[in-house]
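Encoded as structure tokens, the structure appears first; notes follow it.
The values are calculated or read from the model by the stated rules, or taken from the named source; none is laboratory data. Note that the coordinates shown come from a computational prediction; the quantities given were computed from them, not determined experimentally. Backbone-built Cβ (ideal geometry, glycine too); neighbour counts: all protein chains shown. Keep in mind that these areas ignore ligands, DNA and RNA; they rest on the heavy atoms of the full protein, side chains included. Shrake-Rupley method; radii C 1.70, N 1.55, O 1.52, S 1.80 Å.
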Amino acid sequence: KGRVQLALSALAIWPIFSLRPPLPMLAPDARQRFLERRFIAAVARRRALRPLRPLLQAMIRLASQLSYLGYYGDPRSWPSIDYRPYRQRPGGRAPERRDLPERPLQTLTAPPTGDYDSIVIGSGAAGGVLAYRLAAAGRRVLVLERGPYVDPREFSDDEVDQYLRLYNEGALQLATNFSLQVLQGMCVGGGTTINNALCLPPPEPVLAEWEERGLDRAAFGRAIDEVREWFEVAPIRSATTTVAAARFQRAVEELSLPGAFEVMEANISGACLGTGYCNIGCAYGAKLGALDFVLPHAQHEHGLDVLADVEVERIDREGDRAVRVVGTRRPGGERVAVEADEIVVAAGAIGSSWLLQRSGIGGDAVGQGLHFNVNSPLTADFPDVVDSFAGIQMSHAYRAAANGLPGYLVETWFNPPATQALAMPGWFDRHFENMRRYRHMACAGVLVGTTTPGRVKPGRGGPEIEYTQSATDRERVIEGLQVAGRIWLQAGAERVMPATFAWQEYRSAAALEELPRRIRETGDLLLTSAHPQGGNALGDVVDEDFRVRGFRNLYLCDASVFPSCVHVNPQLTVMGMAQYAAGRIL
């Protein structure tokens, strides 16, 4: 955060003090020319010193993101791109009380007194399943969540407001070298509140590798099947998908690509209206996630307690037993200390590692082997209106296989305007003109599982994410972008645009052959990830029963226990792992 603040301050004052004599103000057009020449052109043409380029790229990208969120998040900008929120579309409406569960979740208003049988730290895909199963077995269970409880009846179509309420760091969490933006939910329900609810099975080669680390493959397979039935996992209904997604499917079939096409499956109910708001929280009750489904049932059927806005700072131990969870309640800073017979950590790949590190638990292996599904978007511009925002955000995928693993996934993807502006290529006037064609645009994300790990490192103000993309993984992203471009051009797009730092557009499949030569460094391409994995690997930090090594009653289960990258959207794997782990713990 300190480096980000320094970068933004430098970006503000550098143009002024670079002039001779320094001027107290700089007109907008002069400032734009300065930024284009000294920052964008210098980096794109590699005139800036290589050690400075990542910092300069981060400065420009971060400043542009703040600008885009502020501008396109304001409804007054929507007429310029002809965008209408769901409630103003034909057949659209505002959320109603009947859209949500009759008995919504109730959270505690003050720290509880007395002891619990089980404390679960985290309320997302893993924490929700674990808490339900432990409560259903008769345990008195308390869930502690770092983020706030936001009643789904208070969700809105205000993207910026939803980001600030539901995402960690307001969705601006960065790796220490600024090369990767890591998106994580920080709210009751965790990632299940703000994800696309996709449920893709883990690849068989991944399971074979994990079996060597102590995973009972047959039992885990049964757990996956149980979760699929419990969460009503099914293919996404065509009635909620977009025109662009249908064109994507047709183009994949026409190209006869060597991989496989699929309409993805999700834990989304028939209540889905195709609003396009999956990533900012569904106010229409269509997601069968932790917030609307798992935790309310666990509470009303089995007496589950949930306390939100608690940052757990450490786990106290006595010998080989974890005895107490200690933290701080926001916003007032009230101290919280709760004891339990067993403690289960499910705070996510970043949060769980940091908690163990702060508690002095788990040894040197904690935080090591951090993996991601990295994603880079490619935008397509059609001659006609496709309104990709008017439908479910992700639905169709092309899967390119490599040695039994997905070499990459190309997934259809689109967002409301502020979020889509973050992925829209171009700077200044070019970006603005591209956004004016918002209704003509479609997008696909290329998802690649990392093969070279990073790590979670404890910092003074929070966890630090250290990750550098390998050349091999970058090559797979580029190959995926080329294939995504071919698909959209076959589908009728006039041009395709990767999210590169230096402006690029391609109007033919042959022209896409130039792409590898124009992406030579990690900073040349926008990379994000909503899927951190690893850091507390099964077989290293936890044993085959998910018990943290050296403890009798401290358990850990979430995506951080993955021994390697799962290479696909991980929600089903995380929920299945929690279902499997709950059986071992019980």
Just wondering, is there one or more residues in region 202-211 that are touching a helix residue (DSSP H, G or I) at 6+ places or on another chain (Cβ under 8 Å), open to solvent by 20 Å² or more (accessible area, probe 1.4 Å) and not in a loop (DSSP other than H, G, I, E, B)?
yes
Any idea which of Ala491, Ala499, Ala511 is under 28 Å from Arg37 (Cβ atoms), surrounded by 19 or more Cβ atoms within 10 Å (Cβ to Cβ) and at pLDDT 95 or above?
Ala499
Just checking, how many residues over region 532-562 are open to solvent by 20 Å² or more (accessible area, probe 1.4 Å) and in contact with a Phe, Trp or Tyr (Cβ under 6 Å, 6 or more places away or on another chain)?
1
Could you list, ordered by first residue, the pairs with Cβ atoms under 8 Å in which the first is in region 508-529 and touching a residue at least 60 places away in the same chain (Cβ under 8 Å) and the second is hydrophobic (A, V, I, L, M, F, W, C) and open to solvent by 40 Å² or more (accessible area, probe 1.4 Å), at least 6 apart or interchain?
Gly523/Phe178; Thr528/Leu183; Ser529/Leu183
Just name the residue that is most open to solvent (accessible area, probe 1.4 Å) out of those in region 161-197 that are more than 30 Å from Pro235 (Cα to Cα) and hydrophobic (A, V, I, L, M, F, W, C).
Leu164
Considering (1) open to solvent by 50 Å² or more (accessible area, probe 1.4 Å); (2) without any contact (Cβ under 8 Å) to a residue 24 or more places away in the chain; (3) closer than 30 Å to Gly362 by Cβ; (4) not hydroxyl-bearing (Ser, Thr, Tyr), say which one Gly459 fails and leave the rest.
(1)
Scan region 565-579 and report the pairs whose first residue is in contact (Cβ under 8 Å) with a residue 40 or more places away in the chain and open to solvent by 10 Å² or more (accessible area, probe 1.4 Å) and whose second residue is among the charged types (D, E, K, R) and in a loop (DSSP other than H, G, I, E, B), with Cβ atoms within less than 8 Å and a gap of 6+ or a chain change.
Val574/Asp558
Can you pull out the residues in region 467-485 that are surrounded by 17 or more Cβ atoms within 10 Å (Cβ to Cβ) and either more than 23 Å from Tyr398 (Cα to Cα) or of a type outside the set (A, V, I, L, M) (or both)?
Tyr467, Gln469, Asp473, Arg474, Arg476, Glu479, Gly480, Gln482, Gly485
Cβ contacts < 9 Å: first residue part of a strand (DSSP E or B), restricted to region 385-403; second residue among the acidic types (Asp, Glu) and crowded, with 20+ Cβ neighbours inside 10 Å, any location; separation 6+ or different chain. Result?
His396/Glu411; Ala397/Glu411; Tyr398/Glu411
Criterion first (over 30 Å from Tyr555 (Cα atoms), open to solvent by less than 60 Å² (accessible area, probe 1.4 Å) and in contact with a Ser or Thr (Cβ under 7 Å, 6 or more places away or on another chain)) does Tyr71 satisfy it?
no
When you go through Gly369, Gly348, Gly363, Gly333 one by one, which is the residue that is on the phi > 0 side of the Ramachandran plot and free of Cβ contacts under 8 Å to residues at least 60 places away in the same chain?
Gly333
Can you tell me which residue within region 151-160, out of those that are open to solvent by 20 Å² or more (accessible area, probe 1.4 Å) and assigned to a helix (DSSP H, G or I), is nearest to Val374 (Cα to Cα)?
Val160
Residue under question is Thr419, and the condition is that it be hydroxyl-bearing (Ser, Thr, Tyr), open to solvent by 10 Å² or more (accessible area, probe 1.4 Å) and part of a loop (DSSP other than H, G, I, E, B); does it hold?
no
Take region 88-119 and flag every residue that is open to solvent by less than 80 Å² (accessible area, probe 1.4 Å) and under 30 Å from Arg552 (Cα atoms).
Thr107, Leu108, Ala110, Pro111, Pro112, Gly114, Tyr116, Asp117, Ser118, Ile119
